[in-house]
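Comments concern the structure below.
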Amino acid sequence: MHLFDRAFVFFLAVFAAIALQVGFAFAADTPTSPEPVSQPARPAGNKERITVAREAIKAKDFKRSIAELTLAVQEHPGNAELHNLLGYSYRKQATPDLPRAFEQYRLALKFDSEHRGANEYIGEAYLMDKKPAKAEDHLAKLKSICGNTTCEEYQDLAKSIADYRAKNR
């Protein structure tokens with residue numbers, strides 16, 4: 001046998017020995033049947049998260065709605081309704097976070113400029129921020145979107161503007 005042949009045979013023997021050790025170690029460490037996976041505490045799907053968030057909003061549990069909606073927008077960043085509801089939750093919590101609310105409403109309107117709820121709610125946020133002219137811009141936008149003044153979002157924002165004007169004469 002040539003020196004090259006001996007070296008090759010030696011290499012194969014060492015490689016086989018290492019492969020067998022690694023293989024046996026892996027096999028010993030690997031369970032024969034997979035462990036059951038526990039279900040997550042929170043719902044995983046977008047529909048479940050939005051349902052939980054809407055229930056939390058209805059219960060005025062804005063901490064929970066913010067948590068659920070934050071996860072939902074991470075999973076579906078282009079969903080205008082999720083951003084709208086997250087903005088609403090930031091605005092309606094005990095200590096409103098208007099900068100975050102505006103950020104979420106603007107994202108909702110970026111993804112759907114004719115989103116009725118986002119136009120209504122950002123208008124209400126502008127009233128909280130003492131900027132009624134900007135609220136009126138969104139009221140005009142709602143009139144254009146709805147084609148009239150009878151849609152609920154238009155009427156709600158119009159009432160909020162009227163109440164704001166009556167209190168701030």
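The values are calculated or read from the model by the stated rules, or taken from the named source; none is laboratory data. Since we're looking at a predicted model, the values are computed, not measured. We place every Cβ from the backbone using ideal geometry, glycine too, and count neighbours over all the protein chains shown.
Values for this structure:
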| read-out | value |
| --- | --- |
| Residue within region 126-142 that is within 20 Å of ASP163 (Cβ to Cβ), of a type in the set (Lys, Arg), buried (at least 17 other Cβ atoms within 10 Å of the Cβ) and at pLDDT 95 or above present | yes |
| Filter pass, LYS159 being in a helix (DSSP H, G or I), closer than 23 Å to LEU82 by Cβ and without any contact (Cβ under 8 Å) to a residue 40 or more places away in the chain | no |
| Lone qualifier among ARG169, ARG106 - being more than 22 Å from GLU48 (Cα to Cα) and assigned to a loop (DSSP other than H, G, I, E, B) | ARG169 |
| Selection status of LYS130, among the charged types (D, E, K, R) and in a helix (DSSP H, G or I) | no |
| Filter pass, PRO31 being modelled with pLDDT under 55 and farther than 20 Å from HIS115 by Cα | yes |
| Sole residue being assigned to a loop (DSSP other than H, G, I, E, B) and touching a residue at least 24 places away in the same chain (Cβ under 8 Å), chosen from GLY117, GLY123, GLY87, GLY78 | GLY78 |
| Boolean, LYS60 is part of a loop (DSSP other than H, G, I, E, B), of a type outside the set (A, V, I, L, M) and touching a helix residue (DSSP H, G or I) at 6+ places or on another chain (Cβ under 8 Å) | yes |
| Filtered residues of region 89-106 (kept if surrounded by 21 or more Cβ atoms within 10 Å (Cβ to Cβ) and of a type outside the set (D, E, K, R)) | SER89, TYR90, ALA101, GLN104, TYR105 |
| Residue list for region 72-106, filter: under 14 Å from LEU127 (Cα atoms) and either touching an Asp or Glu at 6+ places or on another chain (Cβ under 7 Å) or modelled with pLDDT under 95 (or both) | LEU98 |
| Single residue of ASN119, ASN84, ASN79 found to be surrounded by 23 or more Cβ atoms within 10 Å (Cβ to Cβ) and closer than 22 Å to GLU48 by Cα | ASN84 |
